[in-house]
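Take a look at the structure set out below.
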Amino acid sequence: MFIIKNKKIFFIISTVLVVASIISISFFGLKAGIDFKGGALTEVVYDQTRPDQGELQKSLENLGFGSVLLQPTGELGYIVKSRDLTDEEHNLLLETLSNNNVNALQEFNFNSIGPSVGQELTRKAIVAIILVSIAIILFIAYAFRKVSKPVSSWRYGFIAIVTLLHDVLIPVGIFAALSHYFGAEVDTLFVVAILTILGLSVSDTIVVFDRIRENLSKEVKVDSSNFSSIVGNSLTQSFARSINTSLTLIVVLIALVFFGPVSIKYFALMLTAGMFFGTYSSIFLSSTLLVWIEEMQSKKTI
Amino acid sequence: MKKMIKKILLSLIVLVLAGGVGLFVYKSEYKLNKNFGAEKAFFQNNQFRLGLDLSGGSHLIYKADVSAVAPGEIEDSMNALRDVIERRVNLFGVSEPVVQVQKAGFIGGEDEKLIVDLPGITDVDQATKMIGQTPLLEFKIEAPEGTPQNATVGEDGKVNVDLSNQFVSTDLTGRYLKKAILEFSSQTQEPTVNLQFDETGTKLFAEITKNNVGKMVAIYLDGSPISTPVVRQEILDGQAVISGSFTPVEAKQLVGRLNSGALPVPITLLSKQTIGASLGGSAVKAGVKAGAIGFILIALFLVLWYRLPGLIAVISLSVFVIIVLALFKLIPVTLTAAGIAGFIISMGIAVDANVLIFERVKEELRGGRTINDAVAQGFTRAWSSIRDSNTSTLITAVILFWFGTSLIKGFALTLGIGVLVSMLSAITITKVFLNTLSFMSESKVARFLFSSGFSNGKIKN
């Protein structure tokens, strides 16, 4: 089948994308937001006139809060990033921003997160990612425990891991680029997006593996002569449903990106990318890897 | 014939039930129902709960200093702390505040924490001030003899004696206060504040009174003395009466402050997140818009690609949405921006299940089965795929729920509920409707309607 026969091409495409993503991550880095670093973020919108940025920056620095980052947002807004602030400091900040109420403003958003909370969140996030990965691997091994010939069920799990890494690394790489050019920051929603991608992309891969499993169980004898053709057929058969199930999710996610709440735009974007590459990997990567492993295995036994 | 009637009846029942639930969702939502005020209480009490990032409000994390508390008593202290804070917050008139203890440990981190969510509150600073205040109750005894008094002469010639160094602190503080009661003295009808100490407090108080018979014991509240009675005898039952020169209102206030105020452990504010209400409001609108657009796009795709079964899938999806929304109201689930995203994603997953079934049915049709059989087989065979592919999503949702902050729990919950209900709606509701149609004749038109995409329904040889 076309996909199986040209598996080398698809391996190359995937490898290129993954390497590009790794380079992107190491080069651009991921900016940790205050959720993980701790600090304060204040977002204000002025009613009528917004004070000059340079002057405001100076008066903010005079407050003695250490380094303060002032970013304009929209036409009438400012975002102020600093270390975490006590209530009195927060009030002082607001007074300075509004020039003692000369430039009336509204506070849209205020987050002050102490460093210990930030550290704790980091720890929780890492643990959650590890847990989800382990749980999913175990689940796949269990779901495919009966399909041991010619490829053992653990190999299915292994392939799922590889595709998972692929599905997660590429969106993260994209995010790193966004982080560099648009200042997107890693917050708790980012971690949630990664975990959700892990869950969703695996469900996609399972749709394909499921069909392979069914066809394998129908054959009386399965060995290297017909394994790749069985997989190829399974792929053809499940192609339509794989594309359609992913399409519905991607359509819905794109609606979120364009029309959804501003606070979850990056979240939805990450999920869309994850879903897209997840579909790509389910169709072009997971079954091709399966065939490739089987070929490697049979070469060894011969 | 009977079978046919049965199937049609089943479809109608499902439609009517769904309509009923839909009516409930509509009637109980202030923004949808113009007659909301006139509805029965059942409807009025079941509005959607909005999380902080949609309603605006504050999320506060306090660290509780339990260094002075014995390990076995930490849980009790934390629960007592939560009760006290909850009372204070309720006094402030916040609707549906949430006060939770987060235990130290693997998931919670090193410290005992208290998490306070105050939805819709406009003056956060006032709230934090009020929460953080600790009316400090102290019992002081007379300083040793010979301590000189401080006296200052004011401008107007008055002599002010500063008594603050005349009294020395003891170990007995409001920490050991069990409760305060307002009572009226039977003799003088004057209001008195009766204090009851806990076990440790009782012991301390007994000691203090034993050692200070005939001397004054000063009761200090927030650093200033409110009463300086003379000890007449050793008091063993841990009860103290503060009397004299209170008005009933003052006495009542004091009792209130002491009761709500004896913070068992000191707290410090670790982090504070405030979201303005207008930001929240626009987030709600955007979320609803995205959901509606997503639904329409999916519906279009389903009908165009899968034709008649697609139409059924759209009806089934509508029922799914109605059921999930009703569940959100009844459980209740607090909706956050991410939570709305989770719900929208679960709509996509709900459609997935239908797609899996339809593709299966198509295959069975191509294989030459009758429409009736193809539908039956399609459902059976598709179920294992649906179950397996949704399980991994559920695993993620469970772990997210376990680990997340309240804002993330919302996402995990809506996603999880959506996935579970989607499995239900695909297998039962879609099945009911498809079954109803399965008695249709085997005409070419019917087969065309049942196939999809670019095929024309012909059976392959």
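The values are calculated or read from the model by the stated rules, or taken from the named source; none is laboratory data. Values in this document were obtained by computation on a predicted structure and should not be read as measured data. Glycine gets a Cβ as well: all are built from the backbone with ideal geometry, and neighbour counts include every protein chain shown.
Assorted remarks:
Quick grid of which residues meet (1) at pLDDT 80 or above; (2) within 30 Å of B:T405 (Cβ to Cβ); (3) in a loop (DSSP other than H, G, I, E, B); (4) within 28 Å of the chain's Cα centre (by Cα):
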position: B:V16; (1), (2), (3), (4): yes, no, no, no
position: B:G19; (1), (2), (3), (4): yes, no, no, no
position: B:G22; (1), (2), (3), (4): yes, no, no, yes
position: B:K63; (1), (2), (3), (4): yes, yes, no, yes
position: B:V66; (1), (2), (3), (4): no, yes, yes, yes
position: B:V69; (1), (2), (3), (4): no, yes, yes, no
position: B:D76; (1), (2), (3), (4): no, yes, no, yes
position: B:V84; (1), (2), (3), (4): no, yes, no, yes
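- So A:T196, is it farther than 22 Å from B:A341 by Cα, among the hydroxyl-bearing types (S, T, Y) and at pLDDT 80 or above: no
- Scanning the range B:12-31 for residues that are farther than 11 Å from B:N46 by Cβ and of a type in the set (G, A, S) turns up B:A18, B:G19, B:G20, B:G22.
- Helices (runs of 4 or more DSSP H) lying entirely in the range A:1-117 (those with 2 or more residues that are within 14 Å of chain B (Cβ to nearest Cβ)): A:34-37, A:87-97
- Scanning the range A:173-227 for residues that are farther than 24 Å from A:L247 by Cα and basic (K, R) returns A:K218, A:K221.
- Residue tally, condition surrounded by fewer than 17 Cβ atoms within 10 Å (Cβ to Cβ) and either touching a strand residue (DSSP E or B) at 6+ places or on another chain (Cβ under 8 Å) or closer than 25 Å to B:Y62 by Cβ (or both), over the range A:33-62: 3
- The single residue among A:S229, A:S225, A:S263 that is part of a loop (DSSP other than H, G, I, E, B) and among the polar types (S, T, N, Q) turns out to be A:S225.
- Hey, A:F259 touching a helix residue (DSSP H, G or I) at 6+ places or on another chain (Cβ under 8 Å), within 7 Å of chain B (Cβ to nearest Cβ) and under 17 Å from A:L200 (Cα atoms) or not: no
- Of everything listed in (1) over 30 Å from A:A32 (Cβ atoms); (2) touching a Phe, Trp or Tyr at 6+ places or on another chain (Cβ under 9 Å); (3) facing another protein chain (nearest Cβ under 8 Å), the single unmet condition for A:L216 is (3).
- Residue pairs meeting the criteria (Cβ under 6 Å; at least 6 apart or on separate chains; first without any contact (Cβ under 8 Å) to a residue 24 or more places away in the chain, in the range B:379-395; second buried (at least 21 other Cβ atoms within 10 Å of the Cβ) and part of a helix (DSSP H, G or I)): B:R381/B:R360; B:D388/A:A143; B:D388/A:I206; B:S392/A:I136; B:S392/A:G199; B:S392/A:V202; B:S392/A:S203
- When residues in the range A:97-121 are screened for being surrounded by fewer than 17 Cβ atoms within 10 Å (Cβ to Cβ) and of a type outside the set (G, A, S), 7 of them pass.
- Any hit, the range B:151-166, residues being surrounded by fewer than 18 Cβ atoms within 10 Å (Cβ to Cβ), modelled with pLDDT of 70 or more and within 49 Å of the chain's Cα centre (by Cα): no
- Residue ID - modelled with the lowest pLDDT, chosen from residues in the range A:128-146 that are loosely packed, with under 15 Cβ neighbours inside 10 Å and of a type in the set (A, V, I, L, M, F, W, C): A:L138
- Selected residue [within 21 Å of the chain's Cα centre (by Cα), at pLDDT 80 or above and crowded, with 16+ Cβ neighbours inside 10 Å] from A:L94, A:L85, A:L164: A:L164
- Test set (1) more than 27 Å from A:L121 (Cβ to Cβ); (2) not assigned by TED's automatic domain parsing to the domain that holds A:K124 - A:F65 fails condition number: (1)
- Tally of residues being out of contact with any Pro (no Cβ under 9 Å at 6 or more places or on another chain) and modelled with pLDDT of 80 or more across the range B:99-117: 7
- Flag if B:L407 is farther than 23 Å from A:I212 by Cα and in contact (Cβ under 8 Å) with a residue 40 or more places away in the chain: yes
- Yes/no for B:G368 being of a type in the set (G, A, S) and surrounded by fewer than 22 Cβ atoms within 10 Å (Cβ to Cβ): yes
- Given (1) of a type in the set (G, A, S); (2) facing another protein chain (nearest Cβ under 9 Å); (3) surrounded by fewer than 23 Cβ atoms within 10 Å (Cβ to Cβ), index of the condition B:G416 fails: (2)
- Any hit, the range A:175-188, residues being surrounded by fewer than 24 Cβ atoms within 10 Å (Cβ to Cβ) and either within 12 Å of chain B (Cβ to nearest Cβ) or within 21 Å of B:I395 (Cβ to Cβ) (or both): yes
Each row is one residue, and each column tells you yes or no for (1) touching a strand residue (DSSP E or B) at 6+ places or on another chain (Cβ under 9 Å); (2) more than 10 Å from every other protein chain (Cβ to nearest Cβ).
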site: B:I267; (1), (2): yes, yes
site: B:S271; (1), (2): yes, no
site: B:I293; (1), (2): no, no
site: B:L327; (1), (2): no, yes
site: B:G342; (1), (2): no, no
site: B:I345; (1), (2): no, no
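- In the range B:52-87, of all residues being acidic (D, E) and away from chain A (no Cβ under 14 Å), the one that is farthest from B:K272 (Cα to Cα) corresponds to B:E73.
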